[in-house]
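Visitor: What follows is a single structure, and I will ask about it in a moment.
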């Protein structure tokens, strides 16, 4: 029975991955065939909404980890945190990041033509945010396996990483530094 459940779970993962790839490819195709002048404000609005979603999740997930650290393994509270963490990552953080990258790359190419030091600097910051996102995704898996590797204090400190990176990215975009 366990093998059948594992096989079913593996198939579901592959189906979800295929659907996600199909959605991303369709969105990319759609975006790059739009008239950039008329679509810019809509793409920018979607980009801002995606960034807000992504950052809200990135700011909240480490906070959940802080609270999860104090929950006893296999307790109802720990299991609730596992569900909250997984759903936050899967339904808010991951889609927010994907949409932010797609719309951001569209604007970088179609509007800014990858010109400007501020844009390259901002992209570097976004790569760092994406790496931290990956770190949080791995931590979510570790918590799900009751294999957390950090203390509550470390998670409190790590909770500030996305805030600092977000501040730097916003300054780079608004002030256009370094240019």
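Visitor: Quote the FRET efficiency, to the nearest 0.05, computed for residue 12 versus residue 63 with a Förster distance R0 of 25 Å and r equal to the Cβ-Cβ distance.
Guide: Result of the calculation: an efficiency of 0.30.
Visitor: Using r as the Cβ-Cβ distance of residue 154 and residue 72, and R0 as 22 Å, what FRET efficiency do you calculate, to the nearest 0.05?
Guide: 0.70
Visitor: Would you calculate, for the chain, the mean residue ellipticity at 222 nm contributed by helices, counting each DSSP H stretch of 4 or more residues as -39,500 (n - 2.57) and dividing by all residues, to the nearest 500? All intermediate terms of the calculation are to be shown ahead of the outcome.
Guide: Numbers: 7 runs with 145 residues, N = 179.
That calculation yields -28000 deg cm²/dmol at 222 nm.
Visitor: How many angstrom lie between the Cα centre of the stretch 97-132 and the Cα centre of the stretch 142-179?
Guide: That distance is 17 Å.
Visitor: Applying 1/(1 + (r/R0)^6) with R0 = 22 Å to the Cβ-Cβ distance of residue 173 and residue 52, what FRET efficiency is obtained, to the nearest 0.05? Can you show the working numbers first?
Guide: On the way: r = 14 Å, r/R0 = 0.64.
Working from the Cβ atoms, E equals 0.95.
Visitor: For the pair residue 37 and residue 98, how long in nm is the line joining their label points, each one 7 Å along Cα→Cβ?
Guide: Modelled inter-label distance: 3.3 nm.
Every number in this text was worked out from the coordinates using simple rules, so none of it is lab data. Everything numeric in this text was worked out from a predicted model, so none of it was measured. So basically every Cβ, Gly included, is an ideal-geometry build from the backbone, and we count neighbours across all protein chains shown.
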